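Data block below; observations after.
The values are calculated or read from the model by the stated rules, or taken from the named source; none is laboratory data. Note that the structure is a prediction, hence the values are computed from the model and not measured. For neighbour counting, all protein chains shown are included, and Cβ atoms are generated from backbone atoms with ideal geometry for every residue, glycine included. The area values use the complete protein model at the heavy-atom level, side chains included, leaving out ligands, DNA and RNA. Shrake-Rupley method; radii C 1.70, N 1.55, O 1.52, S 1.80 Å.
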Amino acid sequence: MAAAEAVLAPRLHFEAGVVYAEPGVPLDELRGLGHRVAPFRARNLFFGGVQAVERDPDTGVLSGGGDPRRGGAAITVE
């Protein structure tokens, strides 16, 4: 998974027997496994924020992802 794709991916958090989940997490599968689920309606700061960078091992090209949960952005400078 590319850095930008990973940063944008839906997140979940397990605490005190409850799975908190952003949209895109397979809730029915979690419930089918017997988990209590607390779904969020949108991406949320509850899940933290991350900025990521990656370097293509073949070309050396840099790319990245900025977390919209924190107003993040990613740019490359040559």
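Please specify each residue of the range 31-69 satisfying the condition of being touching a helix residue (DSSP H, G or I) at 6+ places or on another chain (Cβ under 7 Å) and basic (Lys, Arg). 43, 69 - these are the residues of the range 31-69 that are touching a helix residue (DSSP H, G or I) at 6+ places or on another chain (Cβ under 7 Å) and basic (Lys, Arg).
Provide a single number: the residues in the range 1-22 that are assigned to a loop (DSSP other than H, G, I, E, B) and open to solvent by less than 70 Å² (accessible area, probe 1.4 Å).
Adding up the residues that qualify gives 6.
The single condition among (1) within 18 Å of residue 2 (Cα to Cα); (2) under 16 Å from the mean Cα position of the chain (by Cα) that residue 47 does not satisfy is (1). I'm checking my understanding of the structure. Among residues of the range 29-66 that are of a type in the set (Val, Ile, Thr) and assigned to a strand (DSSP E or B), which one is most open to solvent (accessible area, probe 1.4 Å)? If we take residues in the range 29-66 being of a type in the set (Val, Ile, Thr) and assigned to a strand (DSSP E or B), then 53 is most open to solvent (accessible area, probe 1.4 Å).
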